[in-house]
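Every read-out reported here was derived from the displayed coordinates using simple, explicitly stated rules and does not represent laboratory data. Predicted model only: the values in this text are computed from it and were never measured. We place every Cβ from the backbone using ideal geometry, glycine too, and count neighbours over all the protein chains shown.
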């Protein structure tokens, strides 16, 4: 019973490089989310999706793009990485994003941009 | 693992004590609230939730209290154990299918 799986777990990038973070969930959830977590800042929403083929901006979307081509996968892309994007990234999914939005989280991706 | 606790409010308790973690929320229109636990190097884990039409909800060793008048939420943990050491986040339903998370409180339990 995997739940929410994030790959990779760790990554080091040089400034200007690009990468894609993959999130996969096996719970048939409609809603998926990408957050970043910085020390003392809590979780900040980057982008989210309310269903296959949809995406929407969160609180801190600049410098990131997302795609939800399949219901079970939600991809987060960094086109040109910057040191300010050094963070821990969490993906989450939820069955009901409206009345009872319990989000289930992956283990995180730790990204360093040098 | 990564330190998410830098500059966080910290509550230190002895094993066996009861712990109370507080959270102030911002939106008086929020109708749903969740508490999460995050251990070092792991993702947040759901603990308990409460709707705005309730003022108290109990789980196993945990109780959430909601005071809508002052927009305050608290998480009570009974007989705190070393395994309860973690960062605790409250979150409110901010509409548009999203949650807004607080900055968290670190709970340290000493044996």
Query raised in the report: Any idea how many residues of the stretch B:53-80 are in contact with a strand residue (DSSP E or B) (Cβ under 7 Å, 6 or more places away or on another chain), part of a loop (DSSP other than H, G, I, E, B) and either without any contact (Cβ under 8 Å) to a residue 60 or more places away in the chain or under 27 Å from residue A:90 (Cα atoms) (or both)?
Result: 5
Requested in this report: Scan the stretch B:38-52 residue by residue and report those that are under 17 Å from residue B:25 (Cβ atoms) and in a strand (DSSP E or B).
Outcome: B:47, B:48, B:49, B:50, B:51
Query - Among the candidates A:113, A:88, residue that is touching a strand residue (DSSP E or B) at 6+ places or on another chain (Cβ under 9 Å) and more than 19 Å from residue A:25 (Cα to Cα) - result: A:113
Query raised in the report: If you go through the stretch A:102-114, how many residues are more than 15 Å from the chain's Cα centre (by Cα) and either more than 7 Å from chain B (Cβ to nearest Cβ) or buried (at least 22 other Cβ atoms within 10 Å of the Cβ) (or both)?
Result: 3
**Report entry** Scan of the stretch A:11-36 for residues that are farther than 26 Å from residue B:100 by Cβ and within 14 Å of the chain's Cα centre (by Cα), ordered by number
**Finding:** A:19, A:20
